[in-house]
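> Just passing along the structure, written as structure tokens.
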Amino acid sequence: MINKQGFTLIEVLVATGVIAVIGVVLVVIFTNTLRGNSKSQILSVIKQNGQGVLDNIGANIRGADNVVCPLDGSSSNTMVIIKNGTYTRYRIALPTDARNTAPDTCVYSGKNGCIFQDKPTKVIDEDTGEEETDGVFIPRICSPADLSVVDNSILTDTNVQTGVLINRGSFTVKRLDGFRAIIEVEFALEPGTSAPSVVAGQIDPVTFQTTLQLK
């Protein structure tokens, strides 16, 4: 004999409540998993960018003939080295830096900033046809405000969503008697300026630093 009796209101409410609780638990687990994966991905990008910069700078410093700037005992966001008469400049550009002091994709409103390198050359005076002297050239290219960014190679990911934002950074030079110059490199990276805030807010700036000496 078939029981045609239906569910009672209490049974329906209990079943609905159980389903709702299970649904909430599944959503929380899914959301946390997505956040965990996103956080891991962002941290991986930060570490890859930071290590890539350190590897690039390290290889060039060790092979350089000399460090032109910063001067002994001072720090700057700009470092210039020379090898076989060719100058290579590194600059740590913050998002708030002035325009033209870094590639256009790096600075000004809504940008990430960047760490980049270029190879500055002496300017020829159009009126006299003479090349600028070392006394003019070197202070110019070592100035953080120099606008002559040329042939640049951006070393960090400038994508505002999936790249890295430059939090801070500097180059410091120390010279000890009888030893070649020692350069301390330090900078901090964090998620791009338009990275999802729910994930980016869980990630503190990651500091990268190394001490290198000319060979």
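Taken together, the values in this text are just the output of simple stated rules run on the coordinates, not laboratory data. Remember, predicted model here, so these are calculated numbers, not experimental data. Glycine gets a Cβ as well: all are built from the backbone with ideal geometry, and neighbour counts include every protein chain shown.
> Taking 0.36 nm per residue of separation and subtracting the Cα-Cα distance, what length does fully extending THR105 through THR128 add?
Values: separation 23, 0.36 × 23 = 8.28 nm, distance 3.47 nm.
Net length gain for the segment: 4.8 nm.
> Output ³J(HN,Hα) for segment 87-97: one whole-Hz value per residue in order, computed from phi by the Karplus curve 6.51 cos²θ - 1.76 cosθ + 1.60 with θ = phi - 60°, and x for Gly and Pro.
8, 10, 10, 10, 9, 9, 9, 7, x, 8, 5
> Next question. Normalising by the residue count of segment 9-213, find the relative contact order in percent from Cα pairs under 8 Å and 6+ residues apart. Write out the running numbers ahead of the final one.
On the way: 390 pairs, mean separation 43.5, N = 205.
Value for segment 9-213: 21 percent.
> Add +1 for every Lys or Arg and -1 for every Asp or Glu among the other residues with Cβ under 10 Å from the Cβ of THR78, and state the total.
Details: positive: ARG89, ARG91; negative: ASP146.
Its environment carries a net charge of +1.
> Could I ask something else about it? Give me the distance in nm between label points sitting 7 Å out from Cα along the Cα-to-Cβ direction at GLN209 and GLN161, one decimal.
Output for this residue pair reads 3.5 nm.
> Moving to a separate point now. Not counting the cut sites, what is the longest span of the chain without GluC sites (Glu not before Pro) that DSSP labels loop and that have at most 11 other Cβ atoms within 10 Å?
Working: sites that count: GLU126, GLU130.
Counting at most 11 other Cβ atoms within 10 Å as exposed, the longest clean stretch of the chain is 1-125.
> Mind giving me the FRET efficiency for THR121 and VAL14? R0 is 45 Å, r the Cβ-Cβ distance, nearest 0.05 is fine. Display every interim value, and only then the final one.
Values: r = 79 Å, r/R0 = 1.76.
Working from the Cβ atoms, E equals 0.05.
> Select from GLY50, TYR108, GLY63 the residue farthest towards the positive end of the dipole of the chain; place +1 on Cβ of Lys and Arg, -1 on Cβ of Asp and Glu, and compute about the Cα centre.
Sorting the options by dipole projection puts first GLY50.
> Cut-off 14 Å, label point 7 angstrom out along Cα-to-Cβ of LYS174: give me the residues of segment 66-99 whose amide nitrogen falls inside.
Output list for this probe position: 72-75.
> For a test of the definition: using alpha carbon positions, the gyration tensor, and the 1.5 limit on a/c, classify segment 57-215 as rounded, prolate or oblate. Mind showing how you got there, number by number?
Values: a/c = 2.59, a/b = 1.39, b/c = 1.86.
Judged from the Cα gyration tensor, segment 57-215 comes out oblate (a/c at least 1.5, b/c at or above a/b).
> Under the 0.36 nm per residue contour assumption, what length would be gained going from the current alpha-carbon distance of SER75 and GLU184 to full extension? Walk me through the intermediate numbers first.
Working: separation 109, 0.36 × 109 = 39.24 nm, distance 0.90 nm.
Stretched fully, the SER75-GLU184 segment lengthens by 38.3 nm.
> Moving on. So how do CYS106, CYS114 line up by other beta-carbon neighbours within 10 Å, fewest first? Before the final figure, lay out each step's value.
Numbers: CYS106 25, CYS114 28.
With the sparsest Cβ surroundings first, the list reads CYS106, CYS114.
> Okay, moving on. Dipole size in debye (nearest 20) for the chain around its Cα centre, Lys and Arg Cβ +1, Asp and Glu Cβ -1? Let's see the in-between values first.
Numbers: 18 positive and 22 negative charges, 222 e Å.
Computed charge dipole of the chain: roughly 1060 debye.
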